[in-house]
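S.K.: For reference, the structure I am asking about is given below.
The values are calculated or read from the model by the stated rules, or taken from the named source; none is laboratory data. Keep in mind that this is a model prediction, so the values were computed, not measured. Reconstructed Cβ throughout: ideal geometry from the backbone, glycine too, with neighbour counts over all protein chains shown.
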Amino acid sequence: NKEKVYLIFLDINMPLMSGWEFLDKIKKHVLYDQIHVIMVTSSIDQKDRSRAETYQRVIDYIEKPVTVKHCEVVKQLKSINEFF
């Protein structure tokens with residue numbers, strides 16, 4: 001029984017590949033069409049935020065540290081059943 005993934009929290013800086021590389025890989029696969037991404041990163045560079053906006057899958061960009069307010073956004077998304 002495989003569960004479907006609808007939302008990924010993704011950092012830009014990861015050990016084996018960057019978040020950008022990951023986004024490029026999943027955008028090429030129809031299998032991942034319904035996956036949405038929230039970027040969670042320590043980067044405060046406006047270039048990174050602008051770049052994130054170019055990806056259709058990215059629905060939000062959150063700068064670390066993550067707060068309760070950020071988690072409430074996910075709760076709201078779940079409550080309206082838009083992505084889940």
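S.K.: Out of the residues in the stretch 1-21 that are under 19 Å from Val74 (Cβ atoms) and aromatic (Phe, Trp, Tyr), state the one that is modelled with the lowest pLDDT.
M.R.: Tyr6
S.K.: Say we look at the stretch 41-57 and pick out the residues that are β-branched (Val, Ile, Thr) and within 16 Å of Asn13 (Cα to Cα); which of these is surrounded by the fewest Cβ atoms within 10 Å (Cβ to Cβ)?
M.R.: Ile44
S.K.: Under 7 Å by Cβ, and 6 or more places apart or on different chains, what pairs join a residue from the stretch 62-84 that is modelled with pLDDT of 70 or more with one that is surrounded by 11 or more Cβ atoms within 10 Å (Cβ to Cβ) and aliphatic (A, V, I, L, M)?
M.R.: Cβ pairs passing all conditions: Ile62/Ile38; Ile62/Met39; Ile62/Val40; Lys64/Val40; Val66/Val40; His70/Ile62.
S.K.: Restricting to the stretch 1-13, what's the tally of residues that are without any contact (Cβ under 8 Å) to a residue 60 or more places away in the chain and closer than 19 Å to Ile59 by Cβ?
M.R.: Matching residues across the stretch 1-13 total 7.
S.K.: Given the condition without any contact (Cβ under 8 Å) to a residue 40 or more places away in the chain, more than 12 Å from the chain's Cα centre (by Cα) and surrounded by 15 or more Cβ atoms within 10 Å (Cβ to Cβ), answer yes or no: does some residue in the stretch 22-31 qualify? Please lay out each step first, then the result.
M.R.: To start, the set of residues in the stretch 22-31 that are without any contact (Cβ under 8 Å) to a residue 40 or more places away in the chain comprises 22-31.
Filter again for more than 12 Å from the chain's Cα centre (by Cα), leaving 24-25, 27-31.
Now restrict to residues that are surrounded by 15 or more Cβ atoms within 10 Å (Cβ to Cβ): none.
No, because not a single residue in the stretch 22-31 is without any contact (Cβ under 8 Å) to a residue 40 or more places away in the chain, more than 12 Å from the chain's Cα centre (by Cα) and surrounded by 15 or more Cβ atoms within 10 Å (Cβ to Cβ).
S.K.: Within the stretch 29-76, track down each residue that is β-branched (Val, Ile, Thr), touching a Lys or Arg at 6+ places or on another chain (Cβ under 8 Å) and within 14 Å of Tyr6 (Cβ to Cβ).
M.R.: Within the stretch 29-76, Ile35, Val37 meet the criteria.
S.K.: Next question. If Ile35 passes every condition in (1) modelled with pLDDT of 90 or more; (2) surrounded by 10 or more Cβ atoms within 10 Å (Cβ to Cβ) but one, which one does it miss?
M.R.: Going through the list (1) modelled with pLDDT of 90 or more; (2) surrounded by 10 or more Cβ atoms within 10 Å (Cβ to Cβ), Ile35 breaks only (1).
S.K.: Within the stretch 1-20, which residues are over 18 Å from Arg49 (Cβ atoms) and acidic (Asp, Glu)?
M.R.: Matches in the stretch 1-20: Glu3 only.
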